Amino acid sequence: MCRRLAALPIICLERAKELKTRLGILLHKPELRHGSGAAGKLQLGSRRRDSSREVLEWRESFDQLLKSKNGVTAFHTFLKTEFSEENLDFWLACEDFKKTRSKTKLASKANRIFEEFVQSEAPREVNIDHETREITRKNLTGATSACFNEAQAKTRTLMEKDSYPRFLKSASYQDMTKQAASCSINKRLHT
């Protein structure tokens, strides 16, 4: 991917980066968002009390967010606005991969994950260093449920240090916390 980009004039790369930034800003504006309203945001569902508590717990730690199905969904939606959902998709694919018991399925899943996320110029290439990429490539020869551990850990750390703090500051998460806080207040008033 980078070799192809290097062949482009610098002005094209700068313009592409500017467009990406502008699109990201537009996607954050609720009135311009496709499917804005109830469908465009994660809403606190029928289990309102549990959901509101859950939303507030996401800010306690990245682990709390990843343990929550709704948290993962909200985080994934946010990452899409930043064009970086491949990191979470890779992490989730690795979690699913670790549950695989069949040796045959393990090898085929490992190759699919590597080709989709890890190899150079992969369609959804994650941002890991060359050394980690090579270690992961070598691990594929004897695919075990741990062959992506290092790459998964690096991607998780990247999300935790970079994307997660931005998610917590995002308008969509702030809206969810306000909604959750108002649910908590209403609950206390009615009990």
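Summary table below
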item: Enumeration of residues in the stretch 94-137 that are more than 22 Å from residue 157 (Cα to Cα) and in a helix (DSSP H, G or I); result: 103, 104, 105, 106, 107, 108, 109, 111, 112
item: Given (1) assigned to a helix (DSSP H, G or I); (2) of a type outside the set (A, V, I, L, M, F, W, C); (3) touching a residue at least 40 places away in the same chain (Cβ under 8 Å); (4) loosely packed, with under 15 Cβ neighbours inside 10 Å, number of the condition residue 179 does not satisfy; result: (4)
item: Residue count for the stretch 78-123, restricted to those that are among the charged types (D, E, K, R) and under 21 Å from residue 167 (Cα atoms); result: 5
item: Any hit, the stretch 147-165, residues being farther than 22 Å from residue 83 by Cα, open to solvent by less than 50 Å² (accessible area, probe 1.4 Å) and assigned to a loop (DSSP other than H, G, I, E, B); result: yes
item: Residues being in contact with a Phe, Trp or Tyr (Cβ under 9 Å, 6 or more places away or on another chain) and either at pLDDT below 95 or open to solvent by 50 Å² or more (accessible area, probe 1.4 Å) (or both) - total across the stretch 126-139; result: 2
item: Residues (within 14 Å of the chain's Cα centre (by Cα) and open to solvent by 70 Å² or more (accessible area, probe 1.4 Å)) located in the stretch 166-176; result: 166
item: The stretch 70-125: number of residues that are more than 17 Å from residue 143 (Cα to Cα), out of contact with any Asp or Glu (no Cβ under 9 Å at 6 or more places or on another chain) and open to solvent by 40 Å² or more (accessible area, probe 1.4 Å); result: 8
item: Verdict on residue 126 being touching a residue at least 40 places away in the same chain (Cβ under 8 Å) and either in contact with a Lys or Arg (Cβ under 9 Å, 6 or more places away or on another chain) or on the phi > 0 side of the Ramachandran plot (or both); result: yes
item: Failed item in (1) under 19 Å from the mean Cα position of the chain (by Cα); (2) within 18 Å of residue 149 (Cα to Cα); (3) at pLDDT 95 or above, with residue 79 passing the rest; result: (2)
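The values are calculated or read from the model by the stated rules, or taken from the named source; none is laboratory data. Predicted model, so just to flag it, every value in this text is computed and none were measured. Cβ atoms come from the backbone with ideal geometry, glycine included; neighbour counts cover every protein chain shown. These accessible areas exclude ligands, DNA and RNA; they are computed on the full protein's heavy atoms, side chains included. Shrake-Rupley method; radii C 1.70, N 1.55, O 1.52, S 1.80 Å.
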